[in-house]
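Participant: Before anything else, here's the structure in question.
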């Protein structure tokens, strides 16, 4: 499956689903048709068993400027209803990517703001170009936060920096974002696509069932009690101990790379 | 409303509520009358609609030395009951400031210990004088932690440093506190009041409804599931999209500063 | 009580329980008999009232290489059942150490991987030799995580680095582990035992009831609401305000070190 419409380009190849935010003329800002196309691509990534890893990136100078503020202005007095539909649709897509049992890689090709920040940092692995920077940007226009930002930021960078970003609109450079854990690591802008391809291939070759389970446990970690999480770990190990673990253990003793794609 | 009694000075002006810990002769240590006055000031900050931002600071060389240990000694065998009344009253005030729908700024003018540490770091924004330092100090006298410290420290600095501060009584300098996220940033001692005034004015001019909602979501972030928080974000955006958002979006397109005080 | 069997050496002296992982010929890798001996030692640490502090360390070049992968290979198709028994037993021991009302010190004498990483970083205080390094190592053999790692890592180092360690198998040096809060601090390898002894003595001389309560609150912090935790703090202070607090407050005014061992 592949499509390009309403600001989303989507394709699947080599076990990798690639979603590109593709409205470069307005900084990949998201309106309702684009949110719907994003949701559609996210569903495809989750349900297509051939997809072992998903990559989200942006086309052009920005990664994503956030919600389409022009569309918000046009909504006028209907803004609450319009925001509810836009955000509800976007959240439906974000939930698919956040909870699918396969890893998510984001390649941040440029500045990310508002819900663009949420999308940028939601990857399990986030590679940031040096030209990228990170801004919450909601407060400036009298809004709060969406896309899971108020859930994710404290987990990634601690409550203090989350407060600073959301309540004082502090903008972080790519290097600052790496230092505090907002992104996994920075990459020269010219190297981002190539380095991203390497990481995507690696993730697509990983034991996808084990990674899906590990990712779910990391997502549920902070809000879970110790004993609950211990039991999840035990169950996930017993479940993981199928074809992937047999292949992994065999490869370990045969001193060869494991082939999880066949497992 | 304004008052000065029992070690608390309180005044409201320009949309800002200012609470000053004011028992400088004993390091602003807190006894029961002072805790009651603090609770009273906190109630006023929450309920006075003209207050858009609250500032807590200390008078004298210390920010706050913690609970009044002299009063504890006097309690003798009645110490458990005395502590319950003191802490219960103080917690009632802390809860008002922690959950009010408006931002809290703390200006840490000097060393903070025990429950003084809790008060110092509970701000959404914490400016620390260079002469301040930070100590949990409970273990040394056979006590545990109060004022929300065991809730807040792990969220701000991670579990490891929280353990170090509470179980080994590690003292952090102002610079260390900034580096690990205990405070937002350090300021030269001579500049603290002026810099604090600037930040307070900025917060008082921010969209207070949006900030109130954002602050509630940050407070509830760690213990909440992803889907729950996504729904809170959606609702808060729909609610936020009232007068403040209309003003913010209009100002954005008119390329002028937004006026949220009038919104 | 003391014993040495199945890869665990255990002894109690001077109020300190010492558990040593002692299968140095295979990197202290853990099989079922060793997990059972570990559980037994953990029960003794929790139930022996003379034990005021527990120390876990490893014998030989490694701290612990993780689960015994040779035993896993031998399990063949029975791997899920074998893992369930091994991990269930190990978790039973880990739960005792994680929830006992006394402090836990780990001395990481060398590399830690897999569930060895979980054991290494579960201390309230973790001293790391410079030669130690830290690897999750599960993904490489198609497994997920156990020993509480998926609960503990995000709390210690944030979600981003936890993802990096678990999903990309990033290995951290001792210095990196200190910088990000995975360990409390690093110590020259030759100094680890002596420095560990000092810290153990200090912890054993601390107010054990207060530390037990503080440790429980830190463990429950992230997943608890603010008001719930405030009430726990209040109750723990009222409870703590027994013999230990009386001794601590008296010592404070008499300007002498407190003697909590006698309290």
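Participant: Would you confirm, using the coordinates I've provided, whether residue A:86 is closer than 18 Å to residue B:249 by Cβ, at pLDDT 95 or above and in the same structural domain as residue A:190 (by TED's automatic domain parsing)?
Facilitator: yes
Participant: Among the candidates C:136, C:214, C:177, C:112, single out the residue that is modelled with pLDDT of 95 or more and assigned by TED's automatic domain parsing to the domain that holds residue C:245. Give the derivation first.
Facilitator: Working: C:136 fails: assigned by TED's automatic domain parsing to the domain that holds residue C:245; C:177 fails: assigned by TED's automatic domain parsing to the domain that holds residue C:245; C:112 fails: assigned by TED's automatic domain parsing to the domain that holds residue C:245.
Going through C:136, C:214, C:177, C:112 in turn, just one is modelled with pLDDT of 95 or more and assigned by TED's automatic domain parsing to the domain that holds residue C:245: C:214.
Participant: Give me the pairs, please: first residue somewhere in segment A:223-238 and more than 7 Å from chain C (Cβ to nearest Cβ), second residue anywhere and in a helix (DSSP H, G or I), beta-carbon distance under 6 Å, and either six or more positions apart or on two chains.
Facilitator: A:232/A:217
Participant: Please go through segment A:49-103 and pick out each residue that is touching a strand residue (DSSP E or B) at 6+ places or on another chain (Cβ under 6 Å), away from chain B (no Cβ under 14 Å) and farther than 16 Å from residue A:211 by Cα.
Facilitator: A:56, A:57, A:58, A:59, A:63, A:64
Participant: Exactly one of (1) more than 7 Å from every other protein chain (Cβ to nearest Cβ); (2) under 23 Å from residue B:155 (Cα atoms); (3) assigned to a helix (DSSP H, G or I) is unmet by residue B:186. Its number?
Facilitator: The failed condition is (3).
Participant: Which of the following residues is within 12 Å of chain B (Cβ to nearest Cβ) and over 23 Å from the mean Cα position of the chain (by Cα): C:263, C:179?
Facilitator: Answer to the selection: C:263.
Participant: Just give me the residues in segment C:107-125 being crowded, with 24+ Cβ neighbours inside 10 Å and touching a helix residue (DSSP H, G or I) at 6+ places or on another chain (Cβ under 7 Å), in sequence order.
Facilitator: Within segment C:107-125, C:107, C:108, C:109, C:112, C:115, C:117, C:118, C:121, C:124, C:125 meet the criteria.
Participant: Right, here's the next one. On the basis of being without any contact (Cβ under 8 Å) to a residue 40 or more places away in the chain, within 13 Å of chain B (Cβ to nearest Cβ), surrounded by fewer than 22 Cβ atoms within 10 Å (Cβ to Cβ) and more than 23 Å from residue A:126 (Cα to Cα), does residue C:191 make the cut?
Facilitator: No; evaluated as a whole, the condition is false for this residue.
Participant: While we're on this one: Could you list, in sequence order, all residues of segment C:164-183 that are farther than 23 Å from residue B:162 by Cα and in a loop (DSSP other than H, G, I, E, B)?
Facilitator: C:168, C:169, C:170, C:171
Participant: Which of the following residues is assigned to a helix (DSSP H, G or I) and either over 27 Å from residue A:155 (Cα atoms) or more than 8 Å from chain C (Cβ to nearest Cβ) (or both): B:202, B:161?
Facilitator: Unique residue meeting the criteria: B:202.
Participant: Out of segment B:140-153, which residues are over 16 Å from the mean Cα position of the chain (by Cα) and buried (at least 23 other Cβ atoms within 10 Å of the Cβ)? Give the derivation first.
Facilitator: Of segment B:140-153, the ones over 16 Å from the mean Cα position of the chain (by Cα) are B:140-145.
If the condition is that a residue be over 16 Å from the mean Cα position of the chain (by Cα) and buried (at least 23 other Cβ atoms within 10 Å of the Cβ), then B:141, B:142, B:143, B:144, B:145 are the ones that fit.
Participant: Consider residue C:216 carefully, then state whether it is surrounded by fewer than 20 Cβ atoms within 10 Å (Cβ to Cβ), touching a residue at least 12 places away in the same chain (Cβ under 8 Å) and within 24 Å of residue C:117 (Cβ to Cβ). Quick ask: steps written out before the conclusion?
Facilitator: Numbers: surrounded by fewer than 20 Cβ atoms within 10 Å (Cβ to Cβ): yes; touching a residue at least 12 places away in the same chain (Cβ under 8 Å): yes; within 24 Å of residue C:117 (Cβ to Cβ): yes.
Yes, satisfied.
Participant: Considering every residue within segment A:222-244, establish whether at least one is part of a helix (DSSP H, G or I), touching a helix residue (DSSP H, G or I) at 6+ places or on another chain (Cβ under 9 Å) and over 30 Å from residue B:224 (Cα atoms).
Facilitator: Yes: segment A:222-244 contains one or more residues that are part of a helix (DSSP H, G or I), touching a helix residue (DSSP H, G or I) at 6+ places or on another chain (Cβ under 9 Å) and over 30 Å from residue B:224 (Cα atoms).
Participant: Additional query: Scan B:81, B:131 and give me the residue that is in a helix (DSSP H, G or I) and surrounded by fewer than 24 Cβ atoms within 10 Å (Cβ to Cβ).
Facilitator: The match here is B:81.
Participant: Oh, and also: Against the condition more than 16 Å from residue A:138 (Cβ to Cβ) and more than 7 Å from chain A (Cβ to nearest Cβ), how does residue B:208 come out, does it pass?
Facilitator: The answer is no for residue B:208.
Participant: Which condition number does residue A:120 fail, the rest of (1) more than 23 Å from residue C:182 (Cβ to Cβ); (2) within 14 Å of chain B (Cβ to nearest Cβ) being met?
Facilitator: Among (1) more than 23 Å from residue C:182 (Cβ to Cβ); (2) within 14 Å of chain B (Cβ to nearest Cβ), residue A:120 violates only (2).
The values are calculated or read from the model by the stated rules, or taken from the named source; none is laboratory data. A quick note: this is a predicted structure, and the numbers were derived from the prediction, not measured. Positions of Cβ are backbone-derived with ideal geometry, glycine not excepted, and every protein chain shown enters the neighbour counts.
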